[in-house]
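Here the structure is laid out as C-alpha cells; the discussion comes afterwards.
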Amino acid sequence: MRAFRRDGDELVAEVDPGEREVLATVVADVAELLGGGRFEDRARETGSARPGSGTAPDDAAALAMRLRLDPLPAPDDPAVHRLLPDASRDDDAVAAEFRRLTEDDLRQQKIDRLAVLFDALTVEALGHEGDESGDEPRGPGAPDDDPPHGRRRRRSRGRHEAVAVVRVTKERAPALAATLTDVRLVLGERLGVVDEEASERLEHEVVRGRPGDAEGQARQYLGSVFLALGWWQETLMACLLADLPDAPGRRD
C-alpha cells in the first residue's frame, strides 16, 4: 500500500495484490453488516458492486424506506451501532424518532460509498497499470517486494496479481475519507479500540507482538488492517489539506 499523491486533478495510490484482496474483503464485510448484501456476488453478476448496477432501480422499495412509519430499533451489533449511533443520549424518544426518519437513508448512503470503494479496489483499479516509479511511501506492514538495490522490478502479472491503482477525484476524496472512517470504526469496535491509549496499545501489539494462538493472530491481522487504513487515510487528507490557501509548503 502506497501513499496517495496528486496526479493532475486526481489523487492516486497503489495497492499491492494481497493488500487489495484484504481491503476489498473487509469493505464487503462492512457493507454486509449494514444490509448491503455481498458485493462480490453483485460485482460478478453486473460488473459493479453498486446497488442497482445493471438493473432498474426498485422505486417502490426505495419509497417505502423513505416513508417508514414504524419505530426502528437501534442495531444490536455494537459495530453497526458505531456507524449508526443514537442522535441523543438523554432523550430516548428523540433518538428513536430521528432513527426512524434517517437511518434507512444513512445506511444506504454508507453502502453506496462502500460500493464505490470496493469497485475502486477491484473493477476500476485493475484497469490501470501500476506506476513504474516505485518511490512512493508504503503503509505500515506492507510487504517489501523491492530488490535490495535500485528500482523495483516490474513483473508481468495476471489480473488477480496486478497492482491496483486507486484513483479518486478531489471532489470525491472527502467521501472516500468518510468511508475509510466507517471501516475503521467497525474494526476498532471488534478490536476494542475506544480511545487513543487503546490505539497505541494495539500498534504496539501489531508491531512487536508474536501471537502464538489463532485468536491472537486474527487480532494482529485485523489490527494491521486498522493501522494501515489509518495511515492511508492520513495521506489522503494530507493531499486535500495541501490545496488549502494557507497550507504549509503550498506553492502558488
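Data for the structure
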{"item": "Residue match in the range 99-106 (condition: on the phi < 0 side of the Ramachandran plot, surrounded by 18 or more Cβ atoms within 10 Å (Cβ to Cβ), at pLDDT 95 or above and basic (Lys, Arg))", "result": "no"}
{"item": "Pair list, Cβ under 7 Å, 6 or more apart: the range 18-45 residue surrounded by 22 or more Cβ atoms within 10 Å (Cβ to Cβ), other residue of a type in the set (Asp, Glu)", "result": "Ala28/Glu40; Val30/Asp182"}
{"item": "Residue list for the range 187-233, filter: open to solvent by less than 50 Å² (accessible area, probe 1.4 Å), within 28 Å of Arg113 (Cα to Cα) and part of a loop (DSSP other than H, G, I, E, B)", "result": "Gly192, Val193"}
{"item": "Residue check for Asp70: modelled with pLDDT under 95, surrounded by fewer than 15 Cβ atoms within 10 Å (Cβ to Cβ) and at negative phi", "result": "yes"}
{"item": "Unique match (being closer than 19 Å to Glu21 by Cβ, open to solvent by 20 Å² or more (accessible area, probe 1.4 Å) and at pLDDT 95 or above) among Arg157, Arg184", "result": "Arg184"}
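The values are calculated or read from the model by the stated rules, or taken from the named source; none is laboratory data. All figures in this text were calculated on a predicted structure; none of them were measured in a lab. Quick reminder, even Gly has a Cβ in these numbers, built from the backbone with ideal geometry, and neighbours come from all protein chains shown. Ligands, DNA and RNA are excluded from the accessible area calculation, which covers all protein heavy atoms including side chains. Shrake-Rupley method; radii C 1.70, N 1.55, O 1.52, S 1.80 Å.
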